[in-house]
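Structure first, commentary second.
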Amino acid sequence: MAEKTLRLTMAQALVRYLAAQLVEIDGQTVRLCAGGFGIFGHGNVTCLGEALYNHKEELPLWRGQNEQSMAMAAVGYAKQQLRRRFMFATSSAGPGTTNMLTSAGIAHTNRLPLLMLCGDAFVTRLPDPVLQQVEHPGNPSLSVNDAFKSVTRYWDRITHPAQLLQSLPAAINTLIDPADCGPVFLGLPQDVQGWAYDYPAKFFEPRTHHLRRQTPDARELAAAAESLKAAERPVIIAGGGIQYSLATQELQDFAHRHKIPVVETIAGRANLVYSDDLNCGPLGVTGSNSANNLAKDADVILAVGTRLQDFTTGSWTAFAQDAEIVSINVGRADAGKHMSQPVVGDAKLTLPVLSEALGSYQAPSVWVEKAASERSEWDAYLNENMSPTTSDGSNRPMSYAQVIGAINEVCHKDDRVVAAAGGLPAEVTANWRTKSIGSVDVEFGFSCMGYEIAGGWGARLGHQERNPDQDTIVFVGDGSYLLMNSDIYSSVLAGSKMIIVVCDNGGFAVINKLQNNSGNESFNNLISDCKLAVEPFAVDFEAHARSMGANGETVHSIAELKEAFGRAKQSDRTYVISMQVDAFEGWTQEGHTWWEVGTPEVSSSERVRKAHEDWEAGRSAQRKGV
């Protein structure tokens, strides 16, 4: 019998295949692709647009205001969904496509799925040079789309409709693979999008995908158990991979059975609730004294689901030189970093079998008591750090920490928090007391300004699927707000309410702080220190938000902030709360490890020379590749 075929254009086949991919989540079968974001232009509206229109029920399409921000929204959605579902972003050829490079960097760095469907130059080259084409006479097949090769896990240009039969399954496999998960870029030449082909009908049959779980190698597991059994001062570093593995309960069970203190990475925030007595705080450059003191004294470190970024390791000064690292990770490259004892495997499967291998082992009581003492001292510091008044009752300048503490106090336990660049990620990481598992998204892998509101919109689209009555809270500084804010409008149009807390400190205050700490004068960071033709002035963020359909208000105290948050909770649309915070006073001063930053070896400034010497002195504790 002749094989049944369907004659479809390349674009129609692509969309039909996407709509047929399913995934099982918590016993329910849903579409693997939850839809997408799009801005149409001549490179994608006629063919891909036609195909998407005919599947707009199965794959809802949200119109973006900016290609970069709409792709960030897709990243925020994927993270909220713990990589179990993804969304696509489509743009025309040329600048619409290159706008998404930054978003691809976020997805790649954070190992998150993002499907980019972008117009490309004509394969036939008959109309060349075409609108928005960047010509390369010596390499005519090169286009701006090739720029994505460094920030994607899978890159392909579809030069014939039949190619989809190989390329689409490969793309899906990348998007859902635990180890290789990351952004996928498909270049869609404008002519090929409309070419037809007789596709096998079986290619479009519904297919349900499942999370692949890799069991650990027996020899690696045995070696890890041997190291941990000998440990007198063990610590667990809990990374973001634990959440993607759905292994937070396994982490909790493992830690409590063996009485091992847990410290969290930035991506791993909210692996444990704050009240867990083995949760000893965040680790690293923007961490806590409790976690950093334990990490410094630890003899065996069990790193689970972390890529051990410099903000976690203090540029590899956070651990003793002779401390042994055991690393559980689905990614081979991550598991073996700095000569770690690797255990390549899924955290949800590996932690229970490692626990069995450890048997009755528990960390010595003196170490557990030290962890409890460190935790208690850090908790007392947070109380002081987030208080709007000093011990004598006088008011302190408004700070990030006070704002975070106030929102933390009055929010619902199932509200979701989003932050990204500037000073807020550090302050949220250090000061936020987690009320429920998986409720914090601090994007500090790519640390991308502009992710906050855009990623918050995507996170809200995911959050409201399961928690429609709770809120997505976005912490954003004035700098990131001004960089990218148009998805306030998008969120109102989409009915995806966010509560956006804008902390205005008059510019890029955290980089000004770094500038000053390295001996430099304030320059080109705070608005008041920039070259200006007029007197510096503040933006009316409340009025700006209202112009995009949101509700908003400006507050001047922590008490007013709490009251405003209550009104935001009752709002039926995105609500922006703006306040000014001090650019110099109120930073979290404790909980920092050394961080390697390039400083001038030679300078005419004595302050810069002295800062360089002081900075380099911290290098003595750095582990060099081990």
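The values are calculated or read from the model by the stated rules, or taken from the named source; none is laboratory data. Remember, predicted model here, so these are calculated numbers, not experimental data. Methodologically, a virtual Cβ is constructed for each residue, glycine included, from the backbone with ideal geometry; neighbour enumeration extends over all protein chains shown. Protein only, heavy atoms only, side chains kept; ligands, DNA and RNA dropped before computing areas. Shrake-Rupley method; radii C 1.70, N 1.55, O 1.52, S 1.80 Å.
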Name the single residue, out of those in the range 541-564 being closer than 13 Å to residue 491 by Cα and of a type in the set (Gly, Ala, Ser), that is surrounded by the most Cβ atoms within 10 Å (Cβ to Cβ).
-> 545
Mind listing whichever residues of the range 81-121 are touching a Ser or Thr at 6+ places or on another chain (Cβ under 6 Å) and open to solvent by 10 Å² or more (accessible area, probe 1.4 Å)?
-> 121
Which residue pairs have Cβ atoms closer than 7 Å, lie 6 or more positions apart in sequence or on different chains, and pair a first residue in the range 54-69 that is within 17 Å of residue 449 (Cα to Cα) with a second residue that is assigned to a helix (DSSP H, G or I) and of a type outside the set (Ser, Thr, Tyr)?
-> 65/487; 67/96; 69/454; 69/487
Please note which strands (runs of 3 or more DSSP E) are completely contained in the range 400-499 and include at least 1 residues that are charged (D, E, K, R).
-> 416-419, 440-442
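To keep it simple, each residue is scored yes or no on (1) under 19 Å from the mean Cα position of the chain (by Cα); (2) among the basic types (Lys, Arg); (3) within 30 Å of residue 604 (Cβ to Cβ); (4) crowded, with 19+ Cβ neighbours inside 10 Å.
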position: 426; (1), (2), (3), (4): yes, no, no, yes
position: 433; (1), (2), (3), (4): yes, yes, no, no
position: 465; (1), (2), (3), (4): no, no, no, no
position: 472; (1), (2), (3), (4): yes, no, no, yes
position: 477; (1), (2), (3), (4): yes, no, no, yes
position: 480; (1), (2), (3), (4): yes, no, no, yes
position: 515; (1), (2), (3), (4): no, no, yes, no
position: 534; (1), (2), (3), (4): no, no, no, no
Which residues, counting only those in the range 565-599, are without any contact (Cβ under 8 Å) to a residue 60 or more places away in the chain and open to solvent by less than 90 Å² (accessible area, probe 1.4 Å)?
-> 598
Among the candidates 27, 38, residue that is within 26 Å of residue 240 (Cβ to Cβ) and not polar (S, T, N, Q) | 27
All but one of (1) at pLDDT below 95; (2) open to solvent by less than 40 Å² (accessible area, probe 1.4 Å); (3) polar (S, T, N, Q) hold for residue 505, so report the exception by its number.
-> (1)
Please specify each residue of the range 306-344 satisfying the condition of being on the phi > 0 side of the Ramachandran plot and at pLDDT 95 or above.
-> 308, 314, 315, 316
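Can you tell me which residue among 34, 13, 2, 19 is of a type in the set (A, V, I, L, M), more than 28 Å from the chain's Cα centre (by Cα) and surrounded by 17 or more Cβ atoms within 10 Å (Cβ to Cβ)?
Exactly one of 34, 13, 2, 19 is of a type in the set (A, V, I, L, M), more than 28 Å from the chain's Cα centre (by Cα) and surrounded by 17 or more Cβ atoms within 10 Å (Cβ to Cβ), namely 13.
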Take the range 352-368 and flag every residue that is open to solvent by less than 40 Å² (accessible area, probe 1.4 Å), assigned to a loop (DSSP other than H, G, I, E, B) and either hydroxyl-bearing (Ser, Thr, Tyr) or under 16 Å from residue 249 (Cα atoms) (or both).
-> 361
Across the range 378-397, which residue is least open to solvent (accessible area, probe 1.4 Å) among those that are aliphatic (A, V, I, L, M) and within 15 Å of residue 586 (Cβ to Cβ)?
-> 382
Any idea which of 616, 542, 590, 553 is modelled with pLDDT of 95 or more, among the charged types (D, E, K, R), in a helix (DSSP H, G or I) and out of contact with any Ser or Thr (no Cβ under 6 Å at 6 or more places or on another chain)?
-> 616
Working only within the range 276-323, note down all residues that are part of a loop (DSSP other than H, G, I, E, B) and in contact with a Pro (Cβ under 6 Å, 6 or more places away or on another chain).
-> 278, 288
Within the range 399-413, track down each residue that is open to solvent by 10 Å² or more (accessible area, probe 1.4 Å) and touching a helix residue (DSSP H, G or I) at 6+ places or on another chain (Cβ under 7 Å).
-> 400, 405, 410
Looking at (1) farther than 30 Å from residue 292 by Cβ; (2) in contact with an Asp or Glu (Cβ under 7 Å, 6 or more places away or on another chain), which is the one condition that is false for residue 588?
-> (1)
For the range 541-553, does any single residue satisfy the condition of being within 30 Å of residue 378 (Cα to Cα) and touching a Gly at 6+ places or on another chain (Cβ under 6 Å)?
-> no
Inside the range 292-301, the number of residues satisfying the requirement of being surrounded by 24 or more Cβ atoms within 10 Å (Cβ to Cβ) and either touching a Ser or Thr at 6+ places or on another chain (Cβ under 8 Å) or free of Cβ contacts under 8 Å to residues at least 60 places away in the same chain (or both) is 1
